[in-house]
Amino acid sequence: MNRKERRALHKHVGPAAQERMSTQMDQFGKLPQKCDACQEPFDKKDKGMLQSWSVVVKQETVRLFCPDCIRKTQEALENVSKENIETSAG
Ligand SMILES: [Zn+2]
């Protein structure tokens, strides 16, 4: 997923880094403040949330999903494929 961000964890922090951070904060300012599916409130100051929540950008629309809803979506997809297998098996 975000390997670049992990690599960016240098110990050296200069003014340029701070500038980049403020740019990123600008982008976070456009984020929705809750999960698009379950309306769970999102706190953009919470680093744990920033790492675990997923942002889906489609054209101009920015959507935000909490870990629960991401997991449910994945499980639903898995169930669908399982059902297909069971149906074909008989
Ligand atoms: Zn949710």
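Read the figures in this text as sums done on the coordinates, not as results from a lab. Computed from a predicted structure; not experimentally measured. Using ideal geometry, Cβ is built from the backbone for each residue, glycine included, and neighbour counts are taken over all protein chains shown.
Counting only residues at least eight positions apart within a chain, or on another chain, the aspartates and glutamates with an alpha carbon under 12 Å from that of LYS30 are GLU60.
For the pair SER81 and LYS34, what calculated FRET efficiency results from E = 1/(1 + (r/R0)^6), where r is the Cβ-Cβ distance and R0 = 30 Å, to the nearest 0.05? Taking R0 as 30 Å, the efficiency between LYS34 and SER81 is 0.50. With 23 Å as the limit on Cα-Cα distance, the pairs of LYS58/LYS82; LYS34/LYS72; LYS34/LYS58 that go past it are LYS58/LYS82. Along each principal axis, taking the top coordinate minus the bottom one, the Cα set of region 40-90 gives 51, 26, 16 Å in descending order. Residues whose amide H comes within less than 5 Å of that of PHE42, counting only those at least five positions distant or on another chain, are LYS34, CYS35 (H built at 1.01 Å from N in the peptide plane). Relative to the current alpha-carbon distance between ASP46 and THR73, full extension at 0.36 nm per residue lengthens the span by 7.4 nm. Counting neighbouring beta carbons within 10 Å and listing from fewest to most, the residues ASP36, ASP43 come out as ASP43, ASP36.
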